[in-house]
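Below is one structure, written out as structure tokens, with a few remarks after it.
The values are calculated or read from the model by the stated rules, or taken from the named source; none is laboratory data. Not measured: the values here are computed from a predicted model. Please note: Cβ atoms are built from the backbone with ideal geometry, for glycine as well, and neighbour counts cover all protein chains shown. To get the accessible areas, we keep the full protein, side chains included, count just its heavy atoms, and leave off ligands, DNA and RNA. Shrake-Rupley method; radii C 1.70, N 1.55, O 1.52, S 1.80 Å.
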Amino acid sequence: MQSRVVPLEEGKDPAVSIKASQSKPSPIRLLQLFLLFLAVCISFSIISMYTIKRSGVQTAGTTVKPAFKHCFDEPNTLDRWIRRPSNLLHKMSDEELFWRASFVPRIKKYPFKRVPKIAFMFLTKGPLPLAPLWEKFLKGHEGLYSVYIHSLPTFEAKFPPSSVFHRRQIPSQISEWGRMSMCDAERRLLANALLDILNERFVLVSESCIPLFNFTFVYGYIMRSKHSFIGAFDDHGPYGRGRYNENMAPEVNITNWRKGSQWFEINRKLAVNIVEDTTFYPKFEEFCKPHCYVDEHYFPTMLTVRTAPLLANRTLTWVDWSRGGAHPATFGRADIKEEFFKKVHEDKHCIYNNQSTSICFLFARKFAPSALEPLLHISRNVLGF
């Protein structure tokens, strides 16, 4: 009996063939698995990003925020705009200072309780030998006055912390008598004083000036005045119109040319007028040089042109020119007697708020350092403080 042999090439074991076909994955199944894996990855990524955003980034933001707060997050309150500078030794140039000082509120009524102050501006080369007398004059009146000192740049004042002059020097430059640098120093004093919004009246004094009355009287006299006290005379002689230069026209005509004392007292409006001026300044700087003494003509002429009705046309500072010469008389220890001050006040008549008065001067000069001791001795009985 012959057995039939089937070649391997012609057929396969049916069982083996079925098992093989069942273990081989189909393309559709592979695609499904891939899509499932992709979905899981995407879901994990989304969850991770959300977790980082909620925890990691927020924590980082919380950590960084305080670092910026110290630099930029300044309380934006009214006090920020009205508080006076804590340090007078700023680094502004004159141009920057005058620009900043010329800011003027357009609304006249202040939105806070404003107690107006007098700014006493000391124009000096160096020491203030009569400082103890001024200390006595100002004592007990804090909040009603401010003090500013313009000295030579090399001078370093050494007043104790208890002094009203402590740290009251402003950034200064060299100023020469009779030249524009003297007016620059006065404008510098005004500009620094204008930075304090409470300063309403501005008195220019020197190291040789003294007050003639107590602070209460001086404060009331100045604050009640409708005018500013600066001399502005039309002097037709050689020391008046004789100093005029025709090249100053048309900004300055000879009919507006005025002369007055260097020592003035003005209100805030006029102080701003002086600081902001760029029209008259170039003319006086170029064409008013010795024998034209610019500190006697610049402010009186400019303010006559701009604000003549606001001027009292007189100074509050008494001086004695009776001895002749280019400078007034200087008084020392031997001169300080009660009779001396009676002569200062007697036979005086002037206009105050459109009415006649016999009280025309609140300050006097020039007094030597030797006059300090007797002045302190008689100040209570004679000067009232």
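Results, tabulated for the structure shown:
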item	result
Some residue of the stretch 165-185 being of a type in the set (D, E, K, R), without any contact (Cβ under 8 Å) to a residue 40 or more places away in the chain and within 22 Å of residue 366 (Cβ to Cβ)	yes
Single residue of 176, 142 found to be assigned to a loop (DSSP other than H, G, I, E, B) and at pLDDT below 95	176
Pair list, Cβ under 6 Å, 6 or more apart: the stretch 214-227 residue farther than 19 Å from residue 385 by Cα, other residue part of a loop (DSSP other than H, G, I, E, B)	226/353; 227/312
Unique match (being assigned to a loop (DSSP other than H, G, I, E, B) and open to solvent by less than 30 Å² (accessible area, probe 1.4 Å)) among 341, 385, 361	385
Qualifying positions in the stretch 60-119 - in a helix (DSSP H, G or I), surrounded by 12 or more Cβ atoms within 10 Å (Cβ to Cβ), of a type outside the set (Val, Ile, Thr) and modelled with pLDDT under 90	none
Leading residue by the ranking (surrounded by the most Cβ atoms within 10 Å (Cβ to Cβ)) among those in the stretch 271-321 that are part of a helix (DSSP H, G or I) and either among the small types (Gly, Ala, Ser) or at positive phi (or both)	271
Hits in the stretch 141-154 (condition: in contact (Cβ under 8 Å) with a residue 60 or more places away in the chain and either of a type outside the set (Ser, Thr, Tyr) or closer than 14 Å to residue 217 by Cα (or both))	141, 144, 145
Matching entry among 191, 232, 157 (being open to solvent by less than 40 Å² (accessible area, probe 1.4 Å) and either among the basic types (Lys, Arg) or over 27 Å from residue 100 (Cα atoms) (or both))	232
Residue list for the stretch 322-338, restricted to those being within 22 Å of residue 133 (Cβ to Cβ), free of Cβ contacts under 8 Å to residues at least 40 places away in the same chain, outside any helix (DSSP H, G or I) and open to solvent by less than 90 Å² (accessible area, probe 1.4 Å)	328, 329, 332
Residue 217 in a helix (DSSP H, G or I), of a type outside the set (D, E, K, R) and open to solvent by 40 Å² or more (accessible area, probe 1.4 Å)	yes
Condition met for residue 53 (open to solvent by 100 Å² or more (accessible area, probe 1.4 Å), at pLDDT below 55, within 60 Å of the chain's Cα centre (by Cα) and of a type in the set (Lys, Arg))	no
